[in-house]
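In what follows, a structure is listed as structure tokens, so that the remarks can point back to it.
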Amino acid sequence: MMKKLIAAIVIILTYSACKFNAGQTALPIYGNRTPVTKTIDGKTVTDTVYQTIPGFKTVNQYGDSITNKSLDGNIYVADFFFTTCPSICPIMHRNMLNVYDAFKAEKDIKIISYSIDPKHDSVAILKKYADKLGVTGNTWWLLQGKKEDIYKLSESYLVTKPQEDAKQLFIHDGYFILVDKQKRIRGTYDGTLPEQVTKLIVDIKTLKAEPDQINGK
């Protein structure tokens, strides 16, 4: 049993060997996975169900309601921040602008930034923050939701859970999380490091070329 468990962990943490174009390797799928056995045409087959990002309800900087359904058919990058953050958030979002600039003309690529300080980060504050960054249109959404819901959601993105007295003591790793059209996590990147953000941009292009992202399966 222990050997099987170790083997399963190794599979989760390593790259898939799946090839989809000349020399290209699919990005890994992170998180928990569950084998599901079913019968098809009289034959028993085992399929794999991967961890996905659960439903959520928020509003963006325009006051529009944004849920997980709003991201159907999109590859997206997520992060967690607050507008008054004096340390890593400004660095992260300066770097995220490179992702925004690279993909703002593509309709199936999104960026979503969840505020962890909804009491302060009103719709108006988020819009002002977006304007200061030079963000327009619907490629990058800054999202406000219930604090407890956002904190719980952060666990699904495999990022560090914040402390309760958030603003000054909020612990987060500054990660950007890459999510595919099936809402599975496909990569994590240190948003404070330009070289990591460059890798993210390359990986988005790789992910976009995967057959199941093209065909929406």
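Take the stretch 52-66 and flag every residue that is touching a strand residue (DSSP E or B) at 6+ places or on another chain (Cβ under 7 Å) and either of a type in the set (A, V, I, L, M) or assigned to a loop (DSSP other than H, G, I, E, B) (or both).
Going residue by residue through the stretch 52-66, those that are touching a strand residue (DSSP E or B) at 6+ places or on another chain (Cβ under 7 Å) are 53, 55-61, 65-66.
Once the filter is applied, which keeps residues that are touching a strand residue (DSSP E or B) at 6+ places or on another chain (Cβ under 7 Å) and either of a type in the set (A, V, I, L, M) or assigned to a loop (DSSP other than H, G, I, E, B) (or both), the stretch 52-66 yields I53, G55, F56, V59, N60, Q61, I66.
When both residues are 6+ apart or on different chains and their Cβ atoms are under 9 Å apart, which pairs have a first residue that lies in the stretch 27-39 and is open to solvent by less than 80 Å² (accessible area, probe 1.4 Å), and a second that is modelled with pLDDT of 80 or more and among the basic types (K, R)?
Cβ pairs passing all conditions: L27/R186; P28/R186; I29/R184; I29/R186; Y30/R184; Y30/R186; G31/R184.
Which of the numbered conditions does A78 fail, given that it passes all the others? Conditions: (1) open to solvent by 10 Å² or more (accessible area, probe 1.4 Å); (2) within 16 Å of G191 (Cβ to Cβ); (3) among the small types (G, A, S).
(1)
Would you be able to tell me the number of residues in the stretch 120-134 that are surrounded by fewer than 16 Cβ atoms within 10 Å (Cβ to Cβ) and among the charged types (D, E, K, R)?
Summing the residues that are surrounded by fewer than 16 Cβ atoms within 10 Å (Cβ to Cβ) and among the charged types (D, E, K, R) in the stretch 120-134 gives 3.
Do you know which residues across the stretch 117-150 are part of a helix (DSSP H, G or I), more than 19 Å from V77 (Cβ to Cβ) and modelled with pLDDT under 95? Spell out how you get there, then give the answer.
Going residue by residue through the stretch 117-150, those that are part of a helix (DSSP H, G or I) are 123-133, 147-150.
Now restrict to residues that are more than 19 Å from V77 (Cβ to Cβ): 123-125, 127-128, 131-132, 147-149.
Of everything in the stretch 117-150, those that are part of a helix (DSSP H, G or I), more than 19 Å from V77 (Cβ to Cβ) and modelled with pLDDT under 95 turn out to be K147, E148, D149.
Select from the stretch 16-72 the residues that are under 27 Å from D203 (Cα atoms), of a type in the set (A, V, I, L, M, F, W, C) and modelled with pLDDT of 70 or more and list them in ascending order.
Passing the criteria: A26, L27, I29, V49, I53, F56, I66, L71.
Any residue at all in the stretch 123-135 that is of a type in the set (S, T, Y) and without any contact (Cβ under 8 Å) to a residue 60 or more places away in the chain? Show your work before the answer.
Of the stretch 123-135, the ones of a type in the set (S, T, Y) are 129.
Next cut, without any contact (Cβ under 8 Å) to a residue 60 or more places away in the chain only: none.
Taking every residue of the stretch 123-135 in turn, none turns out to be of a type in the set (S, T, Y) and without any contact (Cβ under 8 Å) to a residue 60 or more places away in the chain.
Pairs under 7 Å by beta carbon, first residue at positive phi in the stretch 62-90, partner polar (S, T, N, Q), six or more apart or different chains?
none
Would you point out the residue of the stretch 205-217, among those that are in a helix (DSSP H, G or I) and within 13 Å of T25 (Cα to Cα), that is most open to solvent (accessible area, probe 1.4 Å)? Can you show your working first?
First, pick out the residues of the stretch 205-217 that are in a helix (DSSP H, G or I): 205-208, 211-214.
If we keep only those that are within 13 Å of T25 (Cα to Cα) too, we end up with 205-208, 211.
Working: K205: 126, T206: 27, L207: 0, K208: 65, P211: 62 Å².
Within the stretch 205-217, the match that is most open to solvent (accessible area, probe 1.4 Å) is K205.
The values are calculated or read from the model by the stated rules, or taken from the named source; none is laboratory data. As the structure is a prediction and not an experimental result, all values here were calculated from the model. Every residue, glycine as well, gets a Cβ built from its backbone with ideal geometry; the counts of neighbours run over all protein chains shown. Heads up: the accessible areas ignore ligands, DNA and RNA and are worked out on the full protein's heavy atoms, side chains in. Shrake-Rupley method; radii C 1.70, N 1.55, O 1.52, S 1.80 Å.
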